[in-house]
Ligand code: SF4
Ligand code: SF4
């Protein structure tokens, strides 16, 4: 085992291979506050990549309801239970517990393999009441029940568990963009990656007898476009870009601004130790005790910052770029009342007003000699 730096845990940790960060790291920001679980992303991904034989219950992208939902069943609960106590140093913010690369009993990664049935019923019963509602019951004010939607894809981790576990070295991380891929010609279907990925985002195909996973839509990435799940997102909750190495953040890169500089988007279960590269804006209506376990100790600050977004024009400008262009934004700038997104070559991709313009039509329509009945 090598010793590598994990910036999300603020400490060194064990990993079977030496630290080797890609030149560019694909990264995503998902705003959980805006997701409506329409599953457009899921369908877009499914029809593009997993519509073949043996892929029937395979969802590279899924959206589940928290706290009770999960695909495959209990994917996170089982891993959290397996890891034992997880705590963070209050003063330094460093993680004090074990990662999936500790106490591995002779293997490279600590893991567990879901049963086939665990993949069979995604979203089943997730948005249903867990009990009868008493006759006459009603809500008064803000009630204390809560839920939120969690959209999930492969995290194209900096220290992938799947890659570390593969005895065939069939999994690799591309140096040009950090996308993690399985070479199916090398894969012999040992399912070690399925066992090792703590997010359960590698899948076994019973027909081809090989493993498959999200490919980050690399044919689109290579053309400067964002992946399918990002382009099609109805709620405009997603942005894909490239995250700079820790300590090299650039203020004009919207992903760096959101993740490294303002730290308003946080990794999912960073304690697993894989340094995942999908970053989430935590839901602002959920008790933070629950969110600490899910997104680490930065949750309170992130929630506070999100509630005051309008007071931080640079951050707001980055947020307004979500869902406004199919292309990948590398740089952005506030220009007057607009925020402008640029590609790698510095060409303008999108220009968005900082304040949504409001147009009020006059009550009487002089041209047609009539009144508009949709105005007061
Ligand atoms: S999320 Fe899982 S499948 Fe994706 S790179 Fe990380 S360990 Fe591998
Ligand atoms: S398309 Fe967007 S809003 Fe709809 S479920 Fe997917 S992530 Fe959520």
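Summary table below
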| item | result |
| --- | --- |
| Conditions (1) buried (at least 17 other Cβ atoms within 10 Å of the Cβ); (2) farther than 23 Å from residue 329 by Cβ: number failed by residue 300 | (1) |
| Residues satisfying the stated conditions in region 33-45, i.e. assigned to a helix (DSSP H, G or I) and either near ligand 2 (Cβ under 9 Å from one of its atoms) or closer than 15 Å to residue 123 by Cα (or both) | 34, 40, 41, 42, 43, 44 |
| Within region 149-172, tally of residues that are within 18 Å of the chain's Cα centre (by Cα) and either under 22 Å from residue 3 (Cβ atoms) or within 6 Å of ligand 1 (Cβ to nearest atom) (or both) | 9 |
| Residue in region 173-189 that is nearest to ligand 2 (Cβ to nearest atom), counting only those that are over 24 Å from the mean Cα position of the chain (by Cα) and without any contact (Cβ under 8 Å) to a residue 24 or more places away in the chain | 189 |
| Residues of region 142-172 that turn out to be in a loop (DSSP other than H, G, I, E, B), away from ligand 2 (no atom under 16 Å from the Cβ) and surrounded by 24 or more Cβ atoms within 10 Å (Cβ to Cβ), as a count | 6 |
| Lone unmet requirement of (1) part of a loop (DSSP other than H, G, I, E, B); (2) more than 16 Å from ligand 1 (Cβ to nearest atom); (3) touching a strand residue (DSSP E or B) at 6+ places or on another chain (Cβ under 7 Å) for residue 188 | (3) |
| Residue match in region 205-215 (condition: within 16 Å of ligand 2 (Cβ to nearest atom), in contact (Cβ under 8 Å) with a residue 40 or more places away in the chain, under 15 Å from the mean Cα position of the chain (by Cα) and on the phi > 0 side of the Ramachandran plot) | no |
| Qualifying position, being farther than 28 Å from residue 106 by Cβ and at pLDDT 95 or above, among 161, 178, 189 | 178 |
| Test: residue in region 348-366 that is under 29 Å from residue 177 (Cβ atoms) and exposed (fewer than 10 other Cβ atoms within 10 Å of the Cβ) | no |
| In region 230-269, residue surrounded by the fewest Cβ atoms within 10 Å (Cβ to Cβ) [restricted to those that are within 12 Å of the chain's Cα centre (by Cα) and within 16 Å of ligand 2 (Cβ to nearest atom)] | 268 |
| Test: residue in region 105-123 that is in contact (Cβ under 8 Å) with a residue 60 or more places away in the chain, surrounded by fewer than 22 Cβ atoms within 10 Å (Cβ to Cβ), more than 24 Å from residue 57 (Cβ to Cβ) and within 16 Å of ligand 1 (Cβ to nearest atom) | yes |
| Residue within region 343-357 that is in contact with a strand residue (DSSP E or B) (Cβ under 8 Å, 6 or more places away or on another chain), in a strand (DSSP E or B) and touching a residue at least 40 places away in the same chain (Cβ under 8 Å) present | no |
| Near pairs, Cβ below 8 angstrom, 6+ apart or cross-chain, from region 19-34 (within 18 Å of residue 274 (Cβ to Cβ) and in contact (Cβ under 8 Å) with a residue 24 or more places away in the chain) to any residue that is within 16 Å of ligand 2 (Cβ to nearest atom) and part of a helix (DSSP H, G or I) | 28/230 |
| Some residue of region 75-86 being under 22 Å from residue 160 (Cα atoms), assigned to a loop (DSSP other than H, G, I, E, B) and within 16 Å of ligand 2 (Cβ to nearest atom) | no |
| Residue in region 8-23 that is more than 14 Å from residue 158 (Cα to Cα) and more than 16 Å from ligand 1 (Cβ to nearest atom) present | yes |
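The values are calculated or read from the model by the stated rules, or taken from the named source; none is laboratory data. The structure displayed is predicted, hence computed values, not measured ones. We place every Cβ from the backbone using ideal geometry, glycine too, and count neighbours over all the protein chains shown.
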